[in-house]
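K.L.:
Pasting a structure here, questions to come.
Nothing in this text is a laboratory measurement; each read-out follows from the coordinates by a stated rule. As the structure is a computational prediction, the values presented were derived from the model and not from experiment. Ideal geometry is used to build each Cβ from the backbone, glycine not excepted, and the neighbour counts take in all protein chains shown.
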Amino acid sequence: MLKEKNLKSNHICFETIKVKDGKFLNLTYHQKRVNNTRNFFGFNDILELKEDIFNLPQYGEFRLRIDYAKEIQNFQYEVLRDRYFEDFKIVNSDIEYEFKYSNRDEINALKVDDSEIIVIKNELIRDTSIANIALYIDDSWLTPRTPLLKGTTRARLLDNGFLKCADLVVDDLKKAQNFAIMNALIDFKIIKNFFIKI
């Protein structure tokens, strides 16, 4: 019961799903992450994510955020807009973010300007603040073996063999032929013009 209380009061989590014409994209991976998160905190039932619960628009692309603990706490959707990433900054941190907690104060505190961050923990590349990372090295797309958060797009691309896991360090950023970020909303995005402050 203590685990249940903790998730209700301190560890509300959220899921962000891309919606296209009223349908969830890649729902299997989102459902799996919600199940795993709730199981860790002691909930053994299934909190099923169904499109008809959320009264979604039937045309266009949207970002749906679902906050949940034992039950769905809140949800909101908004029109999906393109985001552009050019400036990145290396940040060393011991931060833990194994689950997609609604409270992101620790992650937000790592950002000191408009640059997107690349988190380094124990000398290994982990994540940006909002997406997993991939580097194209020696004819393979590599993603950190131990990211801050195991994203749904990362999981899907690992399952289909597009990505491989590796222990990546800062020097790998310099030798990579390509650099990409990925999450449920942007899918897999190669960043063509970027600057990394090391």
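K.L.:
State to the nearest 20 debye the size of the charge dipole of the range 101-198 about its Cα centre, where the only charges are +1 on K and R beta carbons and -1 on D and E beta carbons.
P.N.:
140
K.L.:
Put +1 on the Cβ of every Lys and Arg and -1 on every Asp and Glu Cβ in the range 73-145; which of N132, L142, Y84 then has its Cα farthest towards the positive end of the dipole?
P.N.:
N132
K.L.:
With +1 assigned to the C-beta of every Lys and Arg and -1 to the C-beta of every Asp and Glu, and no other charges, what is the dipole magnitude of the chain about the Cα centre in debye, to the nearest 20?
P.N.:
240
K.L.:
Right, here's the next one. Of L49, H30, V19, which is farthest along the charge dipole of the chain in the positive direction, counting Lys and Arg as +1 and Asp and Glu as -1 at C-beta?
P.N.:
Sorting the options by dipole projection puts first L49.
K.L.:
May I pose another question? Are there trypsin sites (Lys or Arg not before Pro) in the range 6-70 that DSSP puts in a loop and that have at most 12 other Cβ atoms within 10 Å, and which ones?
P.N.:
Answer by residue number: K50.
K.L.:
Rounded to the nearest 500, what is the chain's calculated 222 nm mean residue ellipticity when only DSSP H runs of at least 4 contribute -39500 (n - 2.57) each, over all residues?
P.N.:
Value at 222 nm, helices only: -5500 deg cm²/dmol.
K.L.:
Where in the chain is the longest stretch that carries no GluC sites (Glu not before Pro) classed as loop by DSSP and with at most 14 other Cβ atoms within 10 Å?
P.N.:
The longest such stretch corresponds to 124-198.
K.L.:
Also: How about the range 150-198: which chymotrypsin sites (Phe, Trp or Tyr not before Pro) there lie in a loop by DSSP and see at most 15 other Cβ atoms within 10 Å?
P.N.:
Hits after loop and neighbour filter: F162, F194.
K.L.:
Then there is this: Restricting to DSSP loop positions (anything but H, G, I, E, B) with no more than 14 other Cβ atoms inside 10 Å of their own Cβ, which trypsin sites (Lys or Arg not before Pro) remain in the range 114-192?
P.N.:
Those satisfying the criteria are R145, K192.
K.L.:
Hey, another quick one. Report P(r) for the range 2-79: all Cα-Cα distances, bin width 5 Å, range 0 to the bin holding the largest distance, values in whole percent.
P.N.:
3, 16, 28, 23, 15, 10, 5, 1, 0
K.L.:
Moving on. How long are the semi-axes of the ellipsoid equivalent to the range 40-135, from square roots of 5 times the Cα gyration tensor eigenvalues, in whole Å, largest first?
P.N.:
29, 20, 11
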